[in-house]
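Participant: Sharing a structure here in structure tokens format.
Read-outs: derived from the displayed coordinates by stated rules, not from any lab. Note that the coordinates shown come from a computational prediction; the quantities given were computed from them, not determined experimentally. Cβ coordinates were reconstructed from backbone atoms using ideal geometry, including for glycine residues, and neighbour counts include every protein chain displayed.
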Amino acid sequence: MKNFLNSIPHKFTPEQEKLLFKAFEFAKKAHEGQFRKNGENYFIHPSGAAIILGQFFPDTSTLAATLLHDVPEDTKVTLKAIEAEFGPEIARLIDGVTQLGHVRMKNSKDKFYVENLRKLFIATSQDIRVILIKLADRMHNMRTIEFIPVEKQLKVAKETLEIYAPIAGRLGIGAWKDELEDLSFKIVYPKEYEETKKLLDEELKNREESLKEIEKSLTHILRTEGIKFLSITGRVKRLYSLFRKLEKYDNDVTKIHDIVALRIINKSTADCYAALGIIHKYFQPLPGRIKDYIATPKPNGYQSIHTTVFSKEGKTFEIQLRTDLMDEEAERGVAAHWFYAEEGKPETSNRLQAKWIKELQSWQEETSNPEEFLESLKIDFFRDRIFVFTPKGDIKDLPAGASVIDFAFAVHTDLGFHMMGAKINGKMASIYDELRQGDMIEIIKIKKESVMSRHWLEAAKTHNARNRIRRYMNEHNKGVFDRIKELKLKDFTLPKFFRKK
Ligand code: MN
């Protein structure tokens with residue numbers, strides 16, 4: 001426990017320490033007798049994940065939940081027992097993590113797998129801490145992947161590359177994204193990994209000398225021109241990101257200008273721009289290669305100025321300029337925001353949640369089809385969503401308060417038009433019943449088209465279902481009206497007086 005606390009760079013209050021100690025001992029005891037493949041105690045895993053998370057996000061409840069995250073699933077101790085000991089907040093976090101795990105297994109062979117997982121992450125995003133725990137869990141599994149059974153390694157690594165690394169990137173946690181990518185790259189594409197590594201090593205050897213020189217002259221120039229800066233460091237492009245870039249540029253390494261870059265950390269944004277001006281005075285910039293992510297940050301919040309310049313030998317180098325705060329945020333992303341806010345004023349966490357939802361929104365914008373996205377924006381916002389399952393394990397996300405009727409229409413219009421009843425989690429239910437987070441719903445179909453009434457409209461919460469029902473009712477009513485009109489006309493003859501001559 002002492003070691004555990006020492007590995008987290010944060011000063012906890014005695015009360016917080018007490019809670020962490022309790023969670024530590026509780027989880028350790030629950031996992032007793034369980035071992036990892038290398039014979040280590042299983043508890044190494046949850047405590048390792050908590051240490052990883054603690055580097056960026058030393059929030060006590062979240063760390064306690066991380067220590068306990070595999071207890072309900074892998075031991076005899078139930079979630080209820082955890083809730084009794086640690087309260088609803090920690091139990092809810094653990095429950096969220098467990099739910100994410102379930103879906104992964106259910107849908108691993110499904111072609112909508114990636115899409116479903118993305119949806120699920122959004123659905124659980126009500127509490128971003130669940131995602132942070134899941135990412136730390138995955139980080140530890142990837143760092144110790146040799147202790148996972150060989151037949152599972154490829155699956156885990158693929159999933160990491162397709163789901164977890166992009167999510168870490170999306171949240172702006174650059175350090176985790178980079179590491180997750182490179183660790184899985186090695187397993188998913190071993191041959192390409194070796195080739196890229198060889199290529200990078202050669203490039204570095206070629207550039208080492210001139211890199212040092214340029215660093216020296218940059219330091220000199222900035223000092224003589226009176227530009228304040230905190231540090232200049234060299235950064236080498238990560239293997240997986242180099243591999244992806246090479247793919248884009250027909251494997252032509254000369255077209256890639258940021259294999260090595262010099263990163264200048266400044267105190268203020270003004271210093272960044274001042275330094276940029278000076279650098280361009282002394283080094284010829286490559287036209288069209290200046291990217292100002294300070295003025296226009298990337299969607300995940302990344303801020304920096306990038307420019308590519310020529311060295312004396314005519315080699316190109318990328319130079320990145322940012323403040324120390326921007327640098328910190330590029331590493332820790334959303335975790336940095338959240339934690340600083342929590343430490344400062346508690347009311348800012350609402351603003352962060354709003355920011356987070358906005359981030360998810362732009363993510364949604366990038367990935368799903370525009371009509372679907374627009375519709376989801378209009379009616380039902382992310383924060384009030386529930387996710388439920390089809391009998392096959394597909395996920396449907398619906399607004400809170402949605403009923404069986406909404407679910408049926410979300411699965412298929414035809415299913416909405418031909419339903420008689422439903423089973424929720426295996427029990428008979430009414431089509432008007434409200435759904436709850438995690439429900440599994442089976443619709444009981446009939447051949448005949450169902451008769452929709454105003455009750456249907458009252459129970460439906462989604463635009464889709466409501467529109468379908470309204471349209472049905474309009475058509476249906478129109479049919480009746482027309483028939484009445486027809487009947488009337490047939491039996492009704494206008495008095496002579498009104499007849500045309
Ligand atoms: Mn785990």
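Participant: If we count every other residue with Cβ under 10 angstrom of Ile145's Cβ, Lys/Arg +1 and Asp/Glu -1, where does the sum land?
Facilitator: Numbers: positive: Arg143, Lys152, Lys186; negative: Glu146.
The answer is +2.
Participant: Holding the Cα-Cα limit at 23 Å, pick out from Lys212/Lys298; Lys205/Lys255; Lys177/Lys245; Lys216/Lys267; Lys28/Lys155; Lys177/Lys267 the pairs that are longer than that. It would help to have the intermediate numbers written out before the result.
Facilitator: Details: Lys212/Lys298 30 Å; Lys205/Lys255 18 Å; Lys177/Lys245 16 Å; Lys216/Lys267 20 Å; Lys28/Lys155 28 Å; Lys177/Lys267 26 Å.
Too far apart for the 23 Å limit: Lys212/Lys298; Lys28/Lys155; Lys177/Lys267.
Participant: Here's a follow-up. Do any GluC sites (Glu not before Pro) in segment 1-91 lie in a DSSP loop with no more than 16 other beta carbon atoms within 10 Å, and if so, which?
Facilitator: On the way: sites: Glu15, Glu17, Glu25, Glu32, Glu40, Glu73, Glu83, Glu85, Glu89; in loops: Glu32, Glu40.
Within segment 1-91, the qualifying GluC sites (Glu not before Pro) (loop, at most 16 other Cβ atoms within 10 Å) are Glu32, Glu40.
Participant: Further question: Restricting things to Cα coordinates, could you compute the convex hull volume per residue of segment 196-344 in Å³? Intermediate values should be presented prior to the final figure.
Facilitator: Working: hull volume 18.8 nm³, N = 149.
Normalising the Cα hull of segment 196-344 by residue number yields 126 Å³.
Participant: Between beta-carbons, use under 11 Å as the cut-off and find the net charge around Asn251, counting Lys and Arg +1, Asp and Glu -1.
Facilitator: -2
Participant: Within a Cβ distance under 10 Å of Ala460, other residues only, what is the Lys/Arg minus Asp/Glu net charge? Each step should come with its number before you reach the end.
Facilitator: Working: positive: Lys461, Arg466, Arg468, Arg470; negative: Asp406, Glu458.
Net of charged neighbours comes to +2.
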